[in-house]
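Novice: Please see the structure below; I have some questions.
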Amino acid sequence: MLGVQYRLRRWGAVTLVAVLSAITAHAASNNDLSVEQLKAKLSSTSVGDRPHLCVQIAQKQLAEADKQYAAADFEKGQAALTDVVAYSELARDYAIQSHKYQKQAEIAVRTMARKLTELMHSLGHDDQAPVRDAVNRLQQVRDDLLMAMFPKGAK
């Protein structure tokens with residue numbers, strides 16, 4: 001009897017390790033993809049998995065925008081900033097539609113808005129307007145996600 005329990009525990013541990021390895025490999029494979037590859041993958045992904053991909057695209061584009069603004073290449077920075085907002089909005093839409101990944105999307109958008117606020121404060125007054133607009137739109141995305149998760153009057 002003890003041998004059977006040991007084998008079952010061992011089998012369970014091996015299965016758990018295999019599943020965790022597969023999940024980690026899948027997540028790592030998405031992190032290694034370029035923005036263009038992630039955008040191409042988006043159309044063939046189920047609606048429930050699209051919010052996660054959209055958030056990844058927005059996060060990668062945020063890093064690119066930060067890099068471009070740091071290099072004083074405001075035109076390329078604004079192009080990346082446009083993608084940050086667009087894909088954050090898509091993540092919101094897909095999350096609300098599928099009722100999946102809403103909390104994670106809200107957290108990710110909050111983090112991106114915070115980073116953009118820091119970026120905005122590092123810029124001169126004349127260069128802040130596009131970043132301020134992006135922050136305002138990300139705040140609206142957050143508000144929409146929070147309203148979907150916690151509708152008024154629902155108990």
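Novice: Look at the stretch 87-113 and say how many of its residues are without any contact (Cβ under 8 Å) to a residue 24 or more places away in the chain and within 12 Å of the chain's Cα centre (by Cα).
Specialist: 2
Novice: Looking at LEU145, LEU138, LEU90, LEU123, can you tell me which residue is modelled with pLDDT under 95 and surrounded by 15 or more Cβ atoms within 10 Å (Cβ to Cβ)?
Specialist: One residue alone meets the criteria, LEU123.
Novice: For the stretch 65-107, which residues satisfy the criterion of being part of a helix (DSSP H, G or I) and in contact with a Gly (Cβ under 7 Å, 6 or more places away or on another chain)?
Specialist: Residues satisfying the conditions are ALA65, GLN68, TYR69, SER98.
Novice: Further question: Kindly check whether there is at least one residue in the stretch 127-139 that is small (Gly, Ala, Ser), closer than 14 Å to GLN61 by Cβ and in the same structural domain as GLN56 (by TED's automatic domain parsing).
Specialist: Yes, the conditions are met somewhere in the stretch 127-139.
Residue by residue, here is whether (1) at pLDDT 95 or above; (2) exposed (fewer than 15 other Cβ atoms within 10 Å of the Cβ); (3) outside the structural domain of ARG137 (by TED's automatic domain parsing); (4) not basic (Lys, Arg) holds:
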| position | (1), (2), (3), (4) |
| --- | --- |
| MET1 | no, yes, yes, yes |
| SER21 | no, yes, yes, yes |
| VAL47 | no, yes, no, yes |
| GLN68 | yes, no, no, yes |
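Novice: Residues of the stretch 97-111 being out of contact with any Ser or Thr (no Cβ under 9 Å at 6 or more places or on another chain) and surrounded by fewer than 18 Cβ atoms within 10 Å (Cβ to Cβ), which ones?
Specialist: Answer for the stretch 97-111, where residues must be out of contact with any Ser or Thr (no Cβ under 9 Å at 6 or more places or on another chain) and surrounded by fewer than 18 Cβ atoms within 10 Å (Cβ to Cβ): GLN97, HIS99, LYS103, GLN104, ILE107, ARG110, THR111.
The values are calculated or read from the model by the stated rules, or taken from the named source; none is laboratory data. In this text, all values refer to a predicted model and were calculated from it rather than measured experimentally. Methodologically, a virtual Cβ is constructed for each residue, glycine included, from the backbone with ideal geometry; neighbour enumeration extends over all protein chains shown.
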